[in-house]
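Trainee: One structure follows; several queries about it will come next.
The values are calculated or read from the model by the stated rules, or taken from the named source; none is laboratory data. Predicted, not measured: the structure shown is a model, and the values here were computed from it. When we count neighbours, we look across all protein chains shown, and the Cβ atoms used for this are built from the backbone with ideal geometry, even at glycine. Quick note on the areas: whole protein, heavy atoms, side chains included, nothing else; ligands and nucleic acids left out. Shrake-Rupley method; radii C 1.70, N 1.55, O 1.52, S 1.80 Å.
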Amino acid sequence: MTGNEIAYLLAAFAVVGLFVFFVRRASEKQASARSVRDRLREEAGRDEDRDRPIAEDLDQTDQEREGAYEEQDEGPRPKPPDDEDEERDKGLPGGDTAEVNEASRLKHGLSKTRGGFVARLGRLFSRKKIDDDLLEELEHVLFTADIGPTTAQSLFTALKDSLSRDQLLDPDSIWSKIREESATILSVPAPPLDFAGARPFVLLMIGVNGVGKTTTIGKIAAKLQREGKKVLLAAGDTFRAAAVEQLEIWGERSGAPVVKGKDGSDPSSVIFDAIKRGAADDYDVVICDTAGRLHTKTELMDELKKVGRVCDKALSGAPHETWLILDSTTGQNAIQQAQLFKEAMDITGIVLTKLDGTAKGGVILGICDEMKVPVRYIGIGERIDDLREFEPEAFVAALYEKVDEEERAQAQS
């Protein structure tokens, strides 16, 4: 064998050796990366299992993926209804009786709102000298509150027109009139809810993402299940996997099955199937979730109109109630949202969430005044029982109760 042939042979061996070396090196890296991914998945699974009892929604992560309008519900995931709720309730202020405890819970839930514009009214009327400048300052407080300019004008006009000059210099007379007018605004006529009025009774829930819509559905389902009603949930927000997953979690905890479709499927078809199943399997109530974010407002409203038509096609007369979910922390933006949805849908009820977390709860006055739609439920905390039926008189009594320094500090924080 010549020298050149030996050189070529050695070079070939070298190339083959290098090839084998790099292949083995790449294989080892891939195996190592796969091991790391598996380990991370295991850790994530343990974290998820550890956090599952206290996390109320999955939408924080979904919001990071999809944008600011994604669902972001109220605090931690609630536990299934059980005796622990009653034990925790005993720690609330207000004594042991149910009536006093309920009033105390409502007062506590409205503490931040009471520390907002109500506290400003209180400071205004607490001055030793009440003079002619009071009306001007009162007008300023009302118009800078989150009740909306239309409602502020209504309240201010009612005060001027119904009180004498002497009464306008009397803080107690003004307080009394404000409470009276507020109760009148909030007492929007509404027929009592009759979930036995149809079988199944179809309840359609609408609202932008981020207002607590899915959480509200879960809490209402749990309440109805407690009352002995057979409830079915429809996962109509097919554009977000996290919304479906969150609804399934609530379904598991409340004992309500969930009808769902494939990701990105037609929401109307899912709701149609749910209503048909509700009728076939003799369910009492079908609660339908809907999308809250499409690329444009027009697309969203068109989609909701289609859902409404499909409900009626699946069951004549459905939906029997259409409730708009609004986030009280958005203040006057909630009024604008309500006006937008009312143009597209026949809204029969309002659910106002997260009242315990904002000083802007006075927006409820603006919503009722401008929409003339009854508030059905309010959310004043994280527990299932903190989603409570709205009672105007009790709400006004708790809202305008004397503000203490702690509440004022909370509202300013």
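Trainee: Do any of K107/K354; K229/K262; K297/K372; K160/K342; K160/K372; K223/K342 go past 21 Å between their Cα atoms, and which?
Mentor: Result: K229/K262; K297/K372; K160/K342; K160/K372; K223/K342 exceed 21 Å.
Trainee: Skipping prolines and chain starts, which residues have an amide H placed within reach, meaning under 5 Å, of the one on F201, given they are 5 or more residues away or on another chain?
Mentor: So F201 has HN proximity to V285, V286.
Trainee: Sticking with this structure for a sec: Scale the Cα Rg of region 179-238 by the rule-of-thumb value 2.2 N^0.38 Å and send over the ratio, two decimals. Could you put the intermediate results ahead of the total?
Mentor: Numbers: Rg = 14.9 Å, N = 60, 2.2 N^0.38 = 10.4 Å.
So the Cα radius of gyration is 1.43 times the expected 2.2 N^0.38 Å.
Trainee: Which net charge results when you count Lys and Arg as +1 and Asp and Glu as -1 among the other residues whose beta-carbon is under 10 Å from that of K342?
Mentor: Working: positive: K372; negative: E343, D346, E370.
Value of the local net charge: -2.
Trainee: Please compute the per residue accessible area over region 180-278 with all protein chains in place, 1.4 Å probe, rounded to a whole number of Å².
Mentor: 35 Å²
Trainee: Find how many whole Å separate the alpha carbon centroid of region 320-397 from the alpha carbon centroid of region 207-236.
Mentor: 16 Å
Trainee: Give me the number: length gained by fully extending S162 to K305, i.e. 0.36 nm times residue separation minus the C-alpha to C-alpha distance, one decimal in nm.
Mentor: 47.2 nm
Trainee: May I ask you to rank R123, R114, R383 by accessible area, largest first, using a 1.4 Å probe over the protein chains only?
Mentor: R123, R383, R114
Trainee: Averaged per residue, what accessible surface does region 345-388 expose to a 1.4 Å probe, in Å²?
Mentor: Result: 23 Å² per residue.
Trainee: In whole Hz, what ³J(HN,Hα) sequence does region 208-213 give by Karplus (6.51, -1.76, 1.60; θ = phi - 60°), x for Gly and Pro?
Mentor: Going residue by residue, I get 6, 5, x, 9, x, 5 Hz, with x marking Gly and Pro.
Trainee: How charged is the neighbourhood of P149? Take every other residue with its Cβ under 13 Å from the Cβ of P149, and add Lys/Arg as +1 and Asp/Glu as -1.
Mentor: -4
Trainee: Here's something else I'd like to know. If I compute solvent accessible area with a 1.4 Å probe over the protein chains, what percent of it on region 242-367 is carbon and sulfur?
Mentor: 45 percent
Trainee: To continue, here is another question. Going by average Cβ density within 10 Å per residue, which order do the peptides 205-215, 298-308, 224-234 take, highest to lowest?
Mentor: With the highest mean Cβ count within 10 Å placed first, the list reads 205-215, 224-234, 298-308.
Trainee: Under a 5 Å amide H to amide H cut-off, with H placed in plane at 1.01 Å, what residues pair with V259 once short-range neighbours are removed?
Mentor: The list, which skips near neighbours in sequence, is L233, A234, A235.
Trainee: Accessible surface of V16 in the full protein assembly, 1.4 angstrom probe, to the nearest 10 Å²?
Mentor: Number for this one is 90 Å².
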